[in-house]
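Here's the structure we're looking at; comments come further down.
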2 protein chains.
Amino acid sequence: MDHQERREAIAHALWRVVDQHGWTRATLREVAREAGVSLGQLQHYFATREAMLTFAMECAADRTADRVTRGLAALDQPPHPKDVLRLLLTEMLPLRADSRASSRMSAAYVVEALHDPELLEQATRGLRDGRAMVERLIRQAITQGHIAPDRDPDIETDLVIALTGFTPLLELEVIDPRAALAAINQHLDRLFTAAPSSRPEIGSHGGVRAAEA
Amino acid sequence: MDHQERREAIAHALWRVVDQHGWTRATLREVAREAGVSLGQLQHYFATREAMLTFAMECAADRTADRVTRGLAALDQPPHPKDVLRLLLTEMLPLRADSRASSRMSAAYVVEALHDPELLEQATRGLRDGRAMVERLIRQAITQGHIAPDRDPDIETDLVIALTGFTPLLELEVIDPRAALAAINQHLDRLFTAAPSSRPEIGSHGGVRAAEA
């Protein structure tokens, strides 16, 4: 294995430790054991726990971006902005095993970042980039007439991002994936109500089937 | 100090450790040091780290409930269900120092609970109770004509709860409290649109001032 492959193998070992034993157990020592390397070998790749976490978070973000890219390619071209937003949201939520791993990583990272300036910077950048991407899509959809021009793009962006708030509810099985998808579709149906003549205001649930297909 | 007071003093020491150094440092040993007691004394009150965390989480939930009770008493009587929902959301979000402490505790607790069956049960119960309370308020508001009868109470409940998704955005200062309040008010204004004749559909922002007052 080359340097990068070894780092990725260690990141995967970290994920397994976090997934099985939780975040507090994810020390350099424990991850070295899981990766089958000595502590000294692991420190050759990551000098500190923070450096290891940051790299693991980057890997998780890359994997999410890959899933989004594949999802975008599978949509009708050019994709409708509503379908793009639905895809972004569903890939950020813990709805399947792969997105759950990234989502758990991300939640734990935010909790850690509150007490670590280095992690904080990366976590903040990730969230800011995500919000900026959603805002661009919404502003574009307003310009293109998919969203009514009297909607405030900042507020609508925040309301879309807020839907990632389903994360703890899904993780703790307070709601199921079907309910989360129904709520996301309801919200997007209401958002993408352009001129009153072009779409019905309420009750267009076609998107539920599309997301579940 | 009696037994209960000592336990609460230890819970406060735990919060200080979590707040200053993060969750991974919140071991029995570190909390004993912060509380100014020996490890043995601390274990007299909490046999395990999990028991300590669970108690600290209960204290945080009690404090949130106290803030909500005081907030409810300060509303016009009987309170409008929209004001009640706004109060619940703003007390659950990290908008001020006191709600931030409970919110951080809660986020970290969920992250830990994913790997600990005992914590999981309590965390799940807390979220379920919170969701059930919001659902009752929404069903009642539909019955009383404050919310249009064609709204789906389950979906509307989940969409209101989703607004707690502002937590990481506020914690990492990606959005500010004013933006979170504006989005919450926008969502509630749209939800509490009963018969078209009774309220304007969009743009009634009076609630922003009420929440900031």
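Derivation of every value follows stated rules applied to the coordinates shown; laboratory data play no part. What you are looking at is a predicted structure, and each value in this text was computed from that prediction instead of being measured. Quick reminder, even Gly has a Cβ in these numbers, built from the backbone with ideal geometry, and neighbours come from all protein chains shown.
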Kindly give the distances from residue A:79 to its copy-mates, label point to label point, with each label point 7 Å from Cα along Cα→Cβ, as nm values to one decimal ordered shortest first. 4.1
How big is the dipole moment of the protein assembly as shown about its Cα centre under a simple scheme where the beta carbon of each Lys and Arg is +1, that of each Asp and Glu is -1, and everything else is neutral? Debye, nearest 20, please. 0 debye
Could you work out the mean projected area of the convex hull around the alpha carbons of the range B:50-212, in square nanometres to one decimal? 9.8 nm²
Please tell me the relative contact order of the range A:1-47 in percent, rounded to the nearest whole number, where contacts are Cα pairs under 8 Å and at least six residues apart. 36 percent
P(r) of the range A:22-144 in 5 Å steps, Cα pairs, percent per bin? 2, 10, 17, 19, 17, 13, 9, 6, 4, 2, 1, 0
Along the positive direction of the dipole of chain A (beta-carbon charges: Lys, Arg +1; Asp, Glu -1; about the Cα centre), which of A:97, A:148, A:122 reaches farthest? A:97
What ranking of B:151, A:70, A:6 emerges when the number of other C-beta atoms within 10 Å of each C-beta is taken as an exposure proxy, fewest first? A:70, A:6, B:151
Based solely on its DSSP helices, what 222 nm [θ] is calculated for chain A when runs of n ≥ 4 H residues each add -39,500 (n - 2.57) and the sum is averaged over all residues, nearest 500 deg cm²/dmol? -23000 deg cm²/dmol
In nm, one decimal, shortest first: how far is the label point of residue A:178 (7 Å from Cα along Cα to beta carbon) from the matching points in the other copies? 4.4
So how strong a dipole does the range A:50-212 carry about its Cα centre when Lys and Arg Cβ are +1 and Asp and Glu Cβ are -1, to the nearest 20 debye? 580 debye
Once Rh is set to the Kirkwood radius over Cα pairs, what Stokes-Einstein translational diffusion coefficient, in µm²/s, holds for the protein assembly as shown at a temperature of 25 °C and a viscosity of 0.890 mPa s? 107 µm²/s
Percent RCO, i.e. relative contact order, over chain A, from Cα pairs under 8 Å lying at least 6 residues apart: 15 percent
Axis-nearest residue in chain A [Cβ, rotation onto B], distance in whole Å: A:165, 1
May I ask you to compute the full-extension gain from residue A:70 to residue A:178, defined as 0.36 nm times their residue separation minus their alpha-carbon distance, rounded to one decimal in nm? 36.7 nm
Expressed in whole Å with the largest first, what are the equivalent ellipsoid semi-axes of the range A:1-47 derived from the C-alpha gyration tensor as the square root of 5 times each eigenvalue? 17, 11, 8
How long is the range A:45-107 along each principal axis, judged by its Cα atoms, biggest number first, in Å? 45, 19, 16
Please report, for residue A:48, the nm distances (one decimal) from its label point, 7 Å out from Cα along the beta-carbon direction, to the equivalent points in the remaining copies, shortest first. 3.3
